[in-house]
Amino acid sequence: MTAPTIPAQPGADLSPRPLPWRRMAGVTWRQHRYALVGVVVLLGALAVWVWTAGTSLHNAYAAAVACHPVNSSACVNLVVSFNGSATDKFMGSKGAGGVLLQVMPALIGAFAGAPVLARELETGTFRFAWTQGFGRWRWALAKLVLLGVVLAAATAAFGALVSWYFQPESGANSQIPGLYEASPFGNLFSLREVTFPAWTLAAFTIAALAGMLIRRVVPAIVATLAVYAGLAFAVAAFLRKHYLTPLVTSNINISLPGGSTAWTIGQWTTKGGRFAFAGNPPDSLVNQLCSNVPQDKIGPLGFAPCLAQHGYTQWTSYQPATRFWPFQWIEGGWLLALSVLLVAAVIWLVRRRAA
Amino acid sequence: MNVVEASGLGKRYGRTWALRECTLEIPAGRVAALVGPNGAGKTTLLNLAVGLSTPSAGAVTVLGGRRAGSPAALDGIAFVAQDTPLYKTLSVADMIYITRTLNRRFDKSYAYARLEDLGIPPKRRAGKLSGGQQAQLALTLALARRPRLLVLDEPVAMLDPIARHDFMATVLAAASAYGVSVLLSSHVLTELERVADYLILLSRGQVRLAGAVDDLLATHGKASLEELALTYLRETPAEVTR
Amino acid sequence: MTALTTPARPDDDTSPRPIPWRRMTGVTWRQHRYALAAVAVLLGGLAGWLWIAGTSVHHDYAAVTACRPASAPACQDLATTFNGTWNAMSIPSVLLQLLPALIGAFVGAPLLARELETGTFRFAWTQGFGRWRWALAKLVPLAVVLAAATCAFGALVSWCYQPFLAPGNQELGIYGNTPFAVVFSLREVTFPAWTVATFAIGALAGMLIRRVVPAIVATLAVYAGLAVVAAAFLREHYLTPLVSSDTNVPGTAWIIGQWWTKDGRFAFAGNPPDSLLNACSFPQGPGGKGGGIGGPGGPPSSANPFAQCLAPHGYAPWTSFQPATRFWPFQWIEGGWLLVLAALLIAVTIWLVHRRAA
């Protein structure tokens, strides 16, 4: 019979110093390695796809920009070709590829975060983990922070790739006529260097809290996806445009589709300093003042040029592209604060929980 | 020193009291058996002692006055829960790594040597071990932590008679040679007979009897633990003897 | 000691008749009621939203079609507003594609994986009903229920998106959309087919992987791959595309390819090479900025801007496309192979259940 070799030391353990945090690194890796590897493989595969699409976009841009003279048909053809790639809409915020990418923070966060606590509670292994010397809340905090940092790093790298992808549409070469430019707010804003990690961490911490409350893995994943969907929709549709008070201009070209990097929030028209109407002009006014405008002269700016000749001024509230980084930090900031709050709630619940 | 001291300890789930008015002083250096029918509150009492639950009434301290569940208590107590929960997808070696890393003291060579004696390969996934092997693994991990108190919840339920015998022999050896106090719950009275020298009888959430086995047998005029247990578990609450 | 009151009957059970299939309905309901309830809540909530959105879409569309004459500026204005509505509804048309994946994965994968992971298969497969009949009696009714619910939802999607896909939109100034590219997999036939196929993939994944969360992940991954392959490669070839030399193919047609011939021989595909275009001159878009040829603003029009320039030089454009009239045949083809796939996967799953040593 084998005998224990280390004798007991009775006096040493009355007020023990806590075990060092770094010990949890190996424990977290062993327990969550498949989830972490899965996330890396997924992001890697998506990165290959984004990189491939982005390379062809960048090549088309470089060709269009380098072409001289600018007005020759060959150069115009290159511009057209670039515009076609940029507007195929697959990768835009509303395109199929873009929308599918935008569910990534939810999937990554939910599948990585929900099992952390829910699996232990569902299978009963918390009765092992929470009776070790490390202590239960320190164990939980170390795991959540370690996993969170790894996820944040991986998603930040991917976010940089996304920003690289959209860089040709930033309007840097606006002297070339007809070259497509778009607002960075509409180009996968939530998947950039700051917002992709922030949204992923938010989903991750929502999932951890859901796991702690629901105590079963699959329902916790479902709940996380539902909460994330609601939050993401609310932010994209209502919150984001108000992070900073929008600027207002009477320049109607600010909302030219494909010709401006500004993010149009609202439009209204005044006459003689008094409010006339919001959005599109009423039919009666158009019939009265602009009915002789030939159909093919109604460009992307609608009836604004025609009405302008009759004393109407169209005002546009917008966010300029220069505010992209402040908006990234604002959104990243409050999402990070939310994540910290949720982690604190999880830790509080772990400390409190009666088995 | 008392390894477990409870005064007026009670735990309520909803409106049901799983344990009430539990007052105990289990001295150190004993192998204490917690005996009672299913639903008596054995698991509840053990969960309170190791800090997995918090009391609804009263208090419990361990290892000479430390609060149950505090870092000092966690340090000195090794717990093997019912159904020996292990991370089924991790290997035996991973389980050793995790236990070693999450605790102050861990005797790695002892753990590996004992597993080799038992014929449990370190690379195998814990979920692929037989029920008996899982119980042995859990006990090995607990003993390797060199605890002052070993708490076992129905540890031999999954074991065949030979494995049971070996298991209890290991527990006894640890207790006598290395000063590990043991608190284990079971309803297999015949096994406890050879091993336990302190008895706590629990029925319907209340302590019926508690004391050193020899004293209790002498006081109540019974010949064996089994006889003692069966008598007192059938009757209405008797006075608690120390 | 209470005595057993039902006497044993030794000669009754040497070749027992199978227990009737319908007994499994109650069992299946009790075990999976939360999953089914969640699907009902999800589809119900989205259906409510789709109905509200669809009502306003139909209202706006009716205003556009009722407006006369169609070329009047006021009517054009209505059309522009309606195009804005399309921009809003194009996002859900993509997001809803996630529904077959989510429903199939979260209902299908845990079916067998949970029993295997928690060990309850050792209870379920030793009951009198028999293990493969148990599995079949679970998979088929659940698939049928999911198919019915998603078919109804698909009808709602069809109704909601019908104005965007109606023929003759381009004459009214509305973007032409083709029913093959917009919500094709969410219609009355394809939505249930994709859901049942993913459900079957999930069940098989659960049987093979034996752990719930990895099985869900695997199912989502397989669905993603299959959906991409179907949409990008398979779908356009269900029937041999029609070929036309008329550059004005209707806006509801699905353009597969475009190429040019000269004197009957293949010249080039897609856009003309630079060398040929030097002979042409192109008008600038309004304001010199944005709105260029083939520029942004909506789905590309099928009118070929190079035709006028190249035709005098002997080049002829050709377009291969699928006309909108083939929509329902395509629905049935896609629904058909998906259902065959689902049936196959379920058969494999049942076979594995039958064969598997516990």
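Shown here are the Rg and Dmax of the Cα trace of chain B, at 17.6, 52 Å. Could you calculate the FRET efficiency of residue A:47 with residue C:337 from 1/(1 + (r/R0)^6), where r is the beta carbon distance between them and R0 is 35 Å, rounded to 0.05? So the FRET efficiency works out to roughly 0.65. Of the residues A:204, C:266, C:184, the one with the fewest other Cβ atoms within 10 Å heads the list, and the complete ranking is C:266, C:184, A:204.
Decide, for region C:92-163, between rounded, prolate and oblate: order the square roots of the alpha carbon gyration tensor eigenvalues as a ≥ b ≥ c, take rounded if a/c falls under 1.5, and otherwise choose prolate if a/b is larger than b/c, else oblate. The shape class here is oblate. Calculation over all alpha carbon pairs of region B:1-133 in 5 angstrom steps from 0 returns a P(r) of 2, 9, 16, 18, 16, 14, 13, 9, 3, 0 percent.
Checked against a 26 Å cut-off, the cross-linked pairs B:88/C:138; B:42/B:222; B:123/C:138; A:143/A:241 give Cα-Cα distances beyond that limit for B:88/C:138; B:123/C:138; A:143/A:241. Relative to its residue count, the protein assembly as shown spans a Cα convex hull of 220 Å³ per residue. Peptide B:146-153 shows a mean partner chain C-beta count of 2 within 10 Å per residue C-beta.
Of the residues C:237, A:58, the one with the fewest other Cβ atoms within 10 Å heads the list, and the complete ranking is C:237, A:58. The orientation-averaged projected area of the convex hull spanned by the Cα atoms of region A:104-211 comes to 7.5 nm². Convex hull volume per residue, computed on the Cα atoms of region A:227-337, equals 136 Å³.
So what does log10 I(q)/I(0) come out to for region A:186-248 at q = 0.28 Å⁻¹, using the Debye formula with one equal point on every Cα and no solvent? Once normalised to I(0) and log-transformed, intensities are -1.16.
Projected onto its three principal axes, the C-alpha set of chain A covers 102, 48, 32 Å, listed from the longest axis down. Applying a DSSP loop filter and a limit of 14 other Cβ atoms within 10 Å to the trypsin sites (Lys or Arg not before Pro) in region B:78-143 leaves B:123, B:124. In chain A, helical runs assigned H by DSSP with n ≥ 4 each contribute -39500 (n - 2.57); averaged across all residues and rounded to the nearest 500, the mean residue ellipticity at 222 nm is -19000 deg cm²/dmol. Packing order of peptides C:200-213, B:167-180, C:147-160, A:213-226, highest average first: C:200-213, A:213-226, C:147-160, B:167-180 (average count of other Cβ atoms within 10 Å over each peptide's residues).
Partners of residue B:11 within straight-line reach, counting aspartates and glutamates whose Cα lies under 17 Å from its Cα and excluding those fewer than 8 residues away in the same chain: B:21. Taking the Cα centre of the protein assembly as shown as reference, the dipole from Cβ charges on Lys and Arg (+1) and Asp and Glu (-1) amounts to some 1780 debye. For the peptide A:118-131, the mean number of other protein chain Cβ atoms found within 10 angstrom of a residue's Cβ is 6.
By the beta-carbon count within 10 Å of each Cβ, the least crowded to most crowded order of B:204, C:68, B:15, fewest first, is B:15, C:68, B:204.
Over the residues of chain B, the helix contribution to mean residue ellipticity at 222 nm works out to -11500 deg cm²/dmol, using -39500 (n - 2.57) for each DSSP H run of at least 4. For region B:1-105, GluC sites (Glu not before Pro) meeting the loop criterion (DSSP other than H, G, I, E, B) and having at most 12 other Cβ atoms within 10 Å: none. DSSP bridge analysis restricted to the protein assembly as shown gives an antiparallel fraction near 75%, rounded to the nearest 5. Using Cβ point charges alone (K and R +1, D and E -1), the dipole size of chain A about the Cα centre works out to roughly 1520 debye.
Per residue of peptide B:169-177, the mean number of Cβ atoms on other chains within 10 Å of the residue Cβ is 1. Structural descriptor for region C:118-276: relative contact order 21 percent, calculated from alpha carbon pairs under 8 angstrom and at least 6 residues apart. Working from Cα pairs under 8 Å separated by at least six residues, relative contact order for chain B is 25 percent.
FYI, it's all coordinate maths here, none of it is from the lab. Source: prediction; values computed, not measured. For neighbour counting, all protein chains shown are included, and Cβ atoms are generated from backbone atoms with ideal geometry for every residue, glycine included.
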